[in-house]
Amino acid sequence: MAFLKAIAVLTSALALVQGSRAPEYQVKAVFLFNFAQFVEWHAPADAEARRAVVIGILGDDPFGAILDATLRGERLGARPFEVRRYRQWRDIDGCEILFISRSERDQIGEIVTGLRNRPILTVSDTDDFARRGGMIQLVTDKGRIRLRINLDAAQAANLTISSKLLRVAEIVRSSKR
């Protein structure tokens, strides 16, 4: 039932964007919440199963209070959600989903290299993020948010992205630099 709710919320988010009825980062906050429903991490140990699902923001926070409000009271199974804000990628610990702000665009290569093979779903709306080794890029195109997914990056971190999410995304490969 929770999975069906997640699909309905994701579909609603896509409809809102396409109708331009919601602010951009409000919709992106809903996407971050829903990514938790469509990505599979390693089965957590008992202690981990009770720990909060952490969605982190690296760099300047474009969401303000929107992400906190979106996640308030939500759960992934028995696990509540928590938002953490980070200034440096080296400080990231216990984070499942990491939104990398545009303020970090010049360090994207260093960040994705430093987080490579860690089970952290990396997400950004920075240009060429997925081709530079990030996992999910949120692309605004003619008033719509589209997804670019780098499956190689997700597989290197041992994350499985649902085929339902892959169906609505453009699959890209890392560029060789």
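Rule-based calculations on the coordinates, nothing more; no lab input. Keep in mind that this is a model prediction, so the values were computed, not measured. A quick note on method: Cβ atoms are made from the backbone with ideal geometry, for glycine too, and the neighbour counts reach across all protein chains shown.
Quick notes on this one:
- The fewest-to-most ranking of Thr126, Thr113 by surrounding Cβ atoms within 10 Å reads Thr113, Thr126.
- Fully extended contour minus Cα-Cα distance, from Arg116 to Asp93, at 0.36 nm per residue: 6.9 nm
- Backbone amide hydrogens, once placed in the peptide plane, bring Ile171 within less than 5 Å of Ile149, excluding anything fewer than 5 places away on its chain.
- Low-density loop cleavage sites - trypsin sites (Lys or Arg not before Pro) in the stretch 63-148, where at most 13 other Cβ are within 10 Å (DSSP): Arg72, Arg87, Arg116, Lys142
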